[in-house]
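A short worksheet on the structure shown next.
The values are calculated or read from the model by the stated rules, or taken from the named source; none is laboratory data. These numbers come from a predicted model, not from an experiment. When we count neighbours, we look across all protein chains shown, and the Cβ atoms used for this are built from the backbone with ideal geometry, even at glycine. SASA here: full protein model, heavy atoms, side chains in, ligands and nucleic acids out. Shrake-Rupley method; radii C 1.70, N 1.55, O 1.52, S 1.80 Å.
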Amino acid sequence: MASFVNRVGNGLFNSASALYFTLVVGLPAVQVGAALTVAGLIGLLAGIPGGHLADRRGPRTIMMLALAVQAAAMSALLLVGSWPSLAVVAAVDQLAAAAGGAAWGALVVRVGTDRPALFRARLRTYVNLGVVLGTVGAGLAVAANTRTAYLVLILGNAASFALCALLLFLLPHYRALAAPPSQQRRWIALTDRPFVTFTALFGAMGLQYPVVSLLLPIWISEHTDAPRWTVAAVSAINAGVCVLLQTRIGSRIETPRDGGRAFRTAGLLFLVSCPMMALSAHAPVWAAVALVFTAIFVHSLGEIWESSAGFALGFGLAPDHAQGQYQGLLGLGFSAGQALAPALLTTVVLGLGTAGWLLLGAFFAAVGAVGPWLERWGTRTRPQRVAAAEAPIGGR
């Protein structure tokens, strides 16, 4: 419920934030983009230290503190009137978000111990549903296009952070787990070569998210004969598939070995979807619509397999006592990939056109193909967990 409430708030704000800063506050779009980029880069610094604090002080405590800071930062946006003030407030929000994200990962491991894969799949289903509902609310505010409507979105997001923190009181206070003698190093995640490699690959595979939110909408509107409403339909199909099928598919991906195979499957699904997106530019109107809809369905299946692989490997290869630190590192890799994605996708893929889509599909397939090998490497370097490798992770 806490995750659902939080994502409803995110959906309310994220879909309309740029319009608020440009239309209501009156800042130039270039300044808004620069401020948010700077804030995002600063936020990357907090993931690993925030996760380490969660491991030492308890994930619930750190996550609640991070949510409280985000609620205050979101409320402070009502006072923003210049580029520097936006950059400062957004940086505080991003620092708290990175620390809270790492603590959230550690908390998920501690809560979902009986059926971890099923728990995480259901959790992501509610997260996706929350984003959809929030986005609908944001659409109503954008349609109204008044200062009051945008202020309601901001305050609604701030309230969601506060309510999320209050809901976490219902969870137990999970105490820190002692590190085994062989893993007493403070920043153990940074010296774990298999996990660092997985972090890089996970960040690279994360390029698939902006394909839906950024690349495909531009492609549809500028390179195909498909009607403009297709853009909105693509987002709806993507959200619907993830909400309806995440639990069915994700609950079966439990062990790191499952995760390695799922990572490979995700890459192959993206290899199928990308050429169909490319072909839509060379088809008549309704054929283009059919290709886009089929492509986004296949792509959404790939997203489910990719996220489930991330759960199984990300949690399964991390030691129990340092889950927060490891999730902070994984979040750092993912966020770095998301920061680079717009420039890479718009220049390389759009610049090359059809060839760019084919190259993108081959890239995803190549990254995914490493999954089974990476799992074997990671499991082999964790002798204390080899015996449990075939048991559902999180059953502690």
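Across region 284-300, a minimum of one residue is classified as farther than 21 Å from Ser235 by Cα, outside any helix (DSSP H, G or I) and not hydroxyl-bearing (Ser, Thr, Tyr). Of the candidates Leu151, Leu129, Leu140, the single residue that is farther than 30 Å from Ile249 by Cβ, in contact with a Phe, Trp or Tyr (Cβ under 9 Å, 6 or more places away or on another chain) and open to solvent by 20 Å² or more (accessible area, probe 1.4 Å) is Leu151. Of everything in region 87-105 that is open to solvent by less than 40 Å² (accessible area, probe 1.4 Å) and farther than 21 Å from Ala159 by Cβ, the residue that is modelled with the lowest pLDDT is Gly105. Filtered by the rule that a residue be in a helix (DSSP H, G or I) and either surrounded by fewer than 19 Cβ atoms within 10 Å (Cβ to Cβ) or at pLDDT below 90 (or both), region 70-86 gives Ala72, Ser75, Ala76, Leu77, Leu78, Leu79, Trp83, Pro84, Ser85, Leu86. Here Asn157 does not fit the description of being in contact (Cβ under 8 Å) with a residue 40 or more places away in the chain and farther than 30 Å from Phe311 by Cα.
When region 188-209 is filtered for residues that are within 10 Å of Leu329 (Cβ to Cβ), of a type in the set (Val, Ile, Thr) and either open to solvent by 20 Å² or more (accessible area, probe 1.4 Å) or part of a loop (DSSP other than H, G, I, E, B) (or both), only Val196 remains. Of the residues making up region 213-221, one or more are open to solvent by less than 60 Å² (accessible area, probe 1.4 Å), in a helix (DSSP H, G or I), free of Cβ contacts under 8 Å to residues at least 24 places away in the same chain and farther than 28 Å from Trp373 by Cβ.
A quick yes/no check of all residues on (1) open to solvent by less than 10 Å² (accessible area, probe 1.4 Å); (2) closer than 16 Å to Asp192 by Cβ:
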position	(1), (2)
His282	no, no
Val292	yes, no
Leu317	yes, yes
Thr347	no, no
Trp377	no, yes
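Being at pLDDT 95 or above and either surrounded by fewer than 24 Cβ atoms within 10 Å (Cβ to Cβ) or outside any helix (DSSP H, G or I) (or both) narrows it down to one of Arg257, Arg261, Arg248, so name that one.
Values: Arg257 fails: at pLDDT 95 or above; Arg248 fails: at pLDDT 95 or above.
Arg261 is the lone residue from the list that is at pLDDT 95 or above and either surrounded by fewer than 24 Cβ atoms within 10 Å (Cβ to Cβ) or outside any helix (DSSP H, G or I) (or both).
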